[in-house]
Amino acid sequence: MVRVQNLLAVLLLALLNSCAQWLLPPLRVLSCSLEQEGALLQFSASPSEASILKAFSMTEDGTKLEGRFSFEDRDLWFFPVNGIREGRGYHISVTATAEDRQGNSLEEDFHREFFTRAEGEAPRVRAILPADGSILAQAPAEIRLFFSEPVDPVSLEGALRIDPSPSHVIRWEADYREAVILPVKPLSLGVRYTVSVSTALLDRSRNSMILPFTGSFLLGDDRSAPGISLAWLNPEGGGNLVSGGPNAALPLDAEFDISFTRNVEIESLAGYLEVQPSLGISVRGERDSRTRARISLSQKPVWGETYTLTVRKGIGTEGGDKTAEDLVFPLTFDAPRYMPPRFLRGFFDAKDSVKILGEETDFDSLALEVTAFPTTGAITATELCLVFAVSQEASSLAPSSAMGSLSISATNACAYVSIKQLRVLDESSYRAGPFNDAGLTAGPGKKLCALVYGLEIENTVQPGLLVFLIRSSLEDSLGNALGSDVTITWNKA
């Protein structure tokens, strides 16, 4: 009896498995419609709300929409935040992960598209003038695009590209079926212009172009070599440069723009440029226009020095024409704003006299007389004055850099020197002080500035060397640095 019951159970299970699809049919979407306020889907059974929230999505022109769900028996409503708008394309999808309340999955992924546009035909470019592939003897006054239907003028601004890119304005005609592109300046001879319109172009019903459009024309057959011009620039200004020079008053942070009257092989331009004495250069060409490049110096020039920028002959155009001669631009980097401080002279108060401290007095003898600087371990206060020439544009030397710019060392324990105080004097204060040298002048376009250091000296009987080091980091108020160390050594008798 038990065996018979087991056999019946097996037969019943097999029957249920074979009829499962008939007994538990899959979930299906019976209808889908777009209403004014949202989307309505009707299912074959009441859908599981949790699974629908994961499986459902709706986009407007490709952008996913956020909104509110409403379930009514077998109906699902989805209300977008901004409702259903005119002139749009909507896509509704429900993946097969959706289930009804009994756990039956959706039969297959569901997709449906709706359009709220007046018409669905995509716009296209019918023609271009000058015609695609044409060769023109002279520059056209306009470029004209003809469209198959009225288009959205704003969308053309993002879809239109002209290479090389001239400055232009657009005028519309024929109820926005024709765009007239008016160059601000005449187009360049010997240049091929390419006009392209991307699929971002829209018609009034927001239908986008299906395929991009490209047309080109060659302007003239100019066989002349490209002309070259050079200009310098920095954040404060700029100016044109002259081949053969002189080109003076250039700032140390100058960069250079090189321009050509025709488009050239801009990628190889660096091979035709050289700066001597060598500073190293980098070149960034404008690949769109192919008529301009920016030249930057890899090293900072030395103020007051003259360098030579040479543009070698042989720079070629797309048509094979090449520049026939070298152009040489002398460049003198002596803009007053960037003039570094220059050490002129120093004065040491030796009590019985004032000793002049200058590079030309290196290894002169300095006697620290024991009557003024005892060797009994006593500390003697004195002063050291260092005089510099600075730019007229600088207010003074920078006290913060002056504090650490001087060091005084002694060999053989001949003396011990400490720096205790610092005063920064402008020219008038220096002239009124005890270290004034009436014969000392800064020179044209410059003024004097002095640093007065208060020193304490402990003298000894030992001979040796006193070494005064003025570091290259000393700056004026504009941030211009001395540039190189100044070292002056005295023989202490």
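Looking across 394, 378, one residue alone is farther than 25 Å from residue 228 by Cβ, touching a residue at least 60 places away in the same chain (Cβ under 8 Å), surrounded by 17 or more Cβ atoms within 10 Å (Cβ to Cβ) and among the aliphatic types (A, V, I, L, M). It is 394. Across the range 308-337, the number of residues qualifying as surrounded by fewer than 17 Cβ atoms within 10 Å (Cβ to Cβ), part of a loop (DSSP other than H, G, I, E, B) and modelled with pLDDT under 90 comes to 4. Checking 188, 165, 134, 105 one by one, the residue that is of a type in the set (Ser, Thr, Tyr), closer than 30 Å to residue 38 by Cβ and either outside the structural domain of residue 210 (by TED's automatic domain parsing) or modelled with pLDDT under 90 (or both) is 105 and no other.
Only a single criterion out of (1) in the same structural domain as residue 145 (by TED's automatic domain parsing); (2) surrounded by fewer than 19 Cβ atoms within 10 Å (Cβ to Cβ); (3) modelled with pLDDT under 90; (4) small (Gly, Ala, Ser) is not satisfied by residue 245, namely (1). Consider the range 289-307 and keep the residues that are charged (D, E, K, R) and surrounded by 14 or more Cβ atoms within 10 Å (Cβ to Cβ). The one that is farthest from residue 257 (Cα to Cα) is 290. Scanning the range 276-307 for residues that are touching a residue at least 40 places away in the same chain (Cβ under 8 Å) and over 24 Å from the mean Cα position of the chain (by Cα) returns 302, 303. Taking the range 176-206 as the range and being touching a helix residue (DSSP H, G or I) at 6+ places or on another chain (Cβ under 9 Å), free of Cβ contacts under 8 Å to residues at least 60 places away in the same chain and of a type outside the set (A, V, I, L, M, F, W, C) as the test, the residues that pass are 176, 196, 198, 199. The number of residues in the range 431-459 being under 19 Å from residue 355 (Cβ atoms) and under 46 Å from the mean Cα position of the chain (by Cα) comes to 4. Of all residues assigned to the range 117-130, none qualifies as being in contact with a strand residue (DSSP E or B) (Cβ under 8 Å, 6 or more places away or on another chain), farther than 27 Å from residue 205 by Cβ, assigned by TED's automatic domain parsing to the domain that holds residue 64 and surrounded by 14 or more Cβ atoms within 10 Å (Cβ to Cβ). Residues being surrounded by 15 or more Cβ atoms within 10 Å (Cβ to Cβ) and in a loop (DSSP other than H, G, I, E, B): count how many of those fall in the range 353-373. Adding up the residues that qualify gives 5.
Taken over the range 436-456, the criterion of being of a type in the set (A, V, I, L, M, F, W, C) and at pLDDT 95 or above is satisfied by 448, 449, 450, 451, 452, 455.
Exactly one residue out of 250, 279, 211 is part of a loop (DSSP other than H, G, I, E, B) and under 30 Å from residue 86 (Cα atoms): that is 211. For the range 368-382, the condition of being within 51 Å of the chain's Cα centre (by Cα) and of a type in the set (A, V, I, L, M, F, W, C) holds for none of the residues.
Residues that are small (Gly, Ala, Ser) and modelled with pLDDT of 90 or more do not occur anywhere in the range 9-28. Report yes if residue 417 is surrounded by 13 or more Cβ atoms within 10 Å (Cβ to Cβ), among the β-branched types (Val, Ile, Thr) and out of contact with any helix residue (DSSP H, G or I) (no Cβ under 8 Å at 6 or more places or on another chain), otherwise no. Yes: the conditions hold for residue 417. Scoring residue 73 on the criteria (1) within 16 Å of residue 99 (Cα to Cα); (2) surrounded by 12 or more Cβ atoms within 10 Å (Cβ to Cβ) leaves a single failure, condition (2). Residues of the range 290-332 that are closer than 30 Å to residue 387 by Cβ and either among the polar types (S, T, N, Q) or in the same structural domain as residue 356 (by TED's automatic domain parsing) (or both): 306, 332. From the list 429, 401, 407, the lone residue that is assigned to a helix (DSSP H, G or I), touching a residue at least 60 places away in the same chain (Cβ under 8 Å) and in contact with a strand residue (DSSP E or B) (Cβ under 8 Å, 6 or more places away or on another chain) is 401. Of all residues in the range 54-99, those being of a type in the set (A, V, I, L, M, F, W, C) and assigned to a loop (DSSP other than H, G, I, E, B) number 5. A Cβ distance below 8 Å, combined with a sequence gap of six or more or placement on separate chains, defines the contacts here; from the range 254-270, residues that are without any contact (Cβ under 8 Å) to a residue 60 or more places away in the chain reach no residue that is assigned to a helix (DSSP H, G or I) and surrounded by fewer than 16 Cβ atoms within 10 Å (Cβ to Cβ).
The values are calculated or read from the model by the stated rules, or taken from the named source; none is laboratory data. Small disclaimer: the values here were computed from a predicted structure and weren't measured. We place every Cβ from the backbone using ideal geometry, glycine too, and count neighbours over all the protein chains shown.
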